[in-house]
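Input: a single structure, listed below in structure tokens.
The values are calculated or read from the model by the stated rules, or taken from the named source; none is laboratory data. As the structure is a prediction and not an experimental result, all values here were calculated from the model. All Cβ positions, glycine included, derive from the backbone under ideal geometry; neighbour counts span all protein chains shown.
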Amino acid sequence: MLKMTLAATFLAVSAFAAQADGIDPGDWPAVIDEARGQTVYFNAWGGSENVSAYIEWAAEELERRFDVELKHVKLDDTANAVATVVAEKAAGRDEGGAVDLVWINGENFAAMKRRDLLFSPGWAEDLPNWRYVDHENKPSILTDFTIPVEGLASPWGMAQLVFFYDTARIDPSTLPQDAEGLLAWAEANPGRFSYPQPPDFIGSSFLKQVLLEKVEDPSVLQKPVKDAQFDEVVEPLFDYLDALHQVAWRSARVFPQNYPDMKQLLADGELDIIFAFNPAEASNAIANSELPDTVRSFTFPDGTLANTHFVAIPYNASAKAGALVAANFFLSPEAQARKQDPDLWGDPTVLSMDKLDEDMRARFDAIDLGVATLPPEELGPALGEPHPSWMERIEEEWKRRYTAGN
């Protein structure tokens, strides 16, 4: 009875907060009406041509179907959008904000939630297309980097760390099976592996993978970091990096800038193993002639880092109704299926196939995941993200150790 009362209270508070903000996501026809003619400034990563092309397609559909204009504000770091909202709040700009919708997860979501910079709790679960979301079997949809989402952001896609190699240069039987094996492989093949320099998201994700494998008690990472434990917990990570840097590409004097840079190094034959957070990334790169068709994927049998990425609406967004319509469209089976096609993007869906009708499921079943994409059953266990406070400290420590005086 108490549980039901708390749930009812949460829904009531969420509905009241949304209505007090001038819009009720639970009244969808009213949202559609209010959204017409609005321009939504969607702050999202702009470093990938296929992602930008997908957003351009979504913008065309939103304009045609709902008279909502979606403008892609291309970011190289989501923290820039967060900083904009922080500055607006400090200046008292509680309405008419410059950011209407933001592609977000992890540390940036936690920062916005902590500062009360997000639109009303529960709105994501009021979206009509929420009924298709697989929140029962994908826990990272409800907790982002251990932080409860509470409907403050809408899931957009899934991610899991996967490694790529060129079969023309590497015998598959020699591939590493875990982080320790990767270090041994790098020592046997000096100069053929590297990772992007943190705080690049992909580079930091590699550090988290190693940390999850090397830490004595992984459960400690699910709680906020404490000063007294930090050095002891992360020591195995930095011991690993010290050894890796001795045999890394260019002796770790420089690092790849980001994933696209790392991908080019693989294409140019400078690196032999790279990694990404999209299981279909290699297939997409092959389809777009960015990598040779001899590239294939592999993963670690005991699991790799995985998470969900989201779209969120700042508390002071100018076009909240339009942002809600866009978020709902991103959750539609049509948009999710298109996004999962590796020829277009390859981002795994957040939807449950069991919740879709036969025609919708057929659309997903018809997707060719690509020659280099591992089937879901071969991806291995999904390892949960650490609490975001860990990476804030680890990135600072990484910079102190490896860039001081450079």
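A few notes on this one:
- Filter result for the condition that a residue is assigned by TED's automatic domain parsing to the domain that holds Ala337, more than 25 Å from Glu281 (Cβ to Cβ) and in contact with a Pro (Cβ under 9 Å, 6 or more places away or on another chain), over Glu136, Glu150: Glu150
- Of the criteria (1) touching a residue at least 60 places away in the same chain (Cβ under 8 Å); (2) surrounded by fewer than 17 Cβ atoms within 10 Å (Cβ to Cβ), which one Lys138 fails: (2)
- Among the residues of segment 98-120, those identified as crowded, with 20+ Cβ neighbours inside 10 Å and either in contact with a Cys (Cβ under 8 Å, 6 or more places away or on another chain) or not in a helix (DSSP H, G or I) (or both) are Val99, Asp100, Leu101, Val102, Trp103, Ile104, Asn105, Gly106, Leu117, Leu118, Phe119, Ser120.
- Set side by side, the residues Phe238, Phe300 differ, and just one is under 21 Å from the mean Cα position of the chain (by Cα) and of a type in the set (Phe, Trp, Tyr), which is Phe300.
- The single condition among (1) surrounded by 15 or more Cβ atoms within 10 Å (Cβ to Cβ); (2) free of Cβ contacts under 8 Å to residues at least 12 places away in the same chain that Ala228 does not meet is (1).
- Scan segment 279-294 for residues that are of a type outside the set (S, T, N, Q) and either surrounded by 24 or more Cβ atoms within 10 Å (Cβ to Cβ) or free of Cβ contacts under 8 Å to residues at least 24 places away in the same chain (or both) and the total you get is 5.
- Residue that is surrounded by the most Cβ atoms within 10 Å (Cβ to Cβ), among those in segment 357-377 that are in a helix (DSSP H, G or I) and modelled with pLDDT under 90: Pro376
- Total residues in segment 123-158, condition of a type in the set (S, T, N, Q) and assigned to a strand (DSSP E or B): 2
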